[in-house]
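The values are calculated or read from the model by the stated rules, or taken from the named source; none is laboratory data. Computed from a predicted structure; not experimentally measured. Every residue, glycine among them, receives a Cβ derived from its backbone with ideal geometry; neighbour counts consider all protein chains shown.
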Amino acid sequence: MNSVLTSMRLAVLGAGKQGRVIGHRLALAGNSVRFGVRGLHSANAAQVLHKHWDNVEVDTIASAISYGDVIVFAVPSEACVELVLRHSRLLVGKIIVDATGLEEGGWNTMNAIQQQIKNVRAFRAFSNISSEVLDRSNFLTIPDLFYCGSDDQDAVNVLNLLIEQLGFRPIRLGGLSEVPLLDSLAKVRTILVEQLHFSSSITLKALS
Ligand SMILES: NC(=O)c1ccc[n+]([C@@H]2O[C@H](COP(=O)([O-])OP(=O)(O)OC[C@H]3O[C@@H](n4cnc5c(N)ncnc54)[C@H](OP(=O)(O)O)[C@@H]3O)[C@@H](O)[C@H]2O)c1
């Protein structure tokens, strides 16, 4: 696993706001990143390609999954469930990171991931933090980033390293049974930012 730790191959499914920040910053940290997109000529794919980021390529979803050791889902929750159903065989053996948020009428992505992929090592992470905050690098102190999921120690080490590379201190709240707890933090963040109009930074402080 050490060879994976020094040079990770990541597939980020979805090249929208959240996927681009995660993919770009993890590529800057030295990982090889392949974005998996549904349209190679979409506006989001073009935004990635035009930037000529080092260590970053754009590919089809199936090719990106085949390439990655770690697969980050950064698509809407309904699309995540669709992709898990369609590519469940390709996803066997991968470390899965479910970054999908809590959209209105959203789908239970972690259930689908657990049910469809054999012996899966899956985490819910980055779902409760905005792309703007993930993209910041000027924090006075290292902020905490909560996640939950697999207790496989190799997979936990990989996720902890990725979170540290993004500039956060990883805190595993617990196993998959803690997904509702993590999602409730995401709900608190949404209310603070969208309804009460607190800035993302204050919200981050309140939740870490
Ligand atoms: N943005 C944030 O601050 C934030 C924070 C926390 C969680 N999240 C979560 O992260 C996920 C992505 O959010 P986002 O802000 O990045 O959204 P976005 O900017 O709208 O990007 C969504 C991406 O998903 C792709 N996609 C949509 N439907 C798809 C499908 N059926 N099959 C394959 N790909 C599909 C889109 O493809 P095209 O490029 O072809 O349109 C696009 O690349 C959501 O679940 C959101 O709730 C976002």
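Here are the numbers for this structure:
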read-out	value
Every residue from the range 103-117 that is within 11 Å of the ligand (Cβ to nearest atom) and out of contact with any Asp or Glu (no Cβ under 6 Å at 6 or more places or on another chain)	Glu103, Glu104, Gly106
All positions within the range 118-155 that are in contact (Cβ under 8 Å) with a residue 60 or more places away in the chain, away from the ligand (no atom under 16 Å from the Cβ), surrounded by fewer than 21 Cβ atoms within 10 Å (Cβ to Cβ) and small (Gly, Ala, Ser)	none
Scope the range 59-80; condition crowded, with 22+ Cβ neighbours inside 10 Å and in contact with a Phe, Trp or Tyr (Cβ under 9 Å, 6 or more places away or on another chain); matching residues	Ala64, Val72, Ala74, Cys80
Within the range 1-40, tally of residues that are more than 9 Å from the ligand (Cβ to nearest atom), more than 19 Å from the chain's Cα centre (by Cα) and either surrounded by 15 or more Cβ atoms within 10 Å (Cβ to Cβ) or modelled with pLDDT of 95 or more (or both)	1
Yes/no for Arg89 being away from the ligand (no atom under 16 Å from the Cβ) and surrounded by fewer than 23 Cβ atoms within 10 Å (Cβ to Cβ)	yes
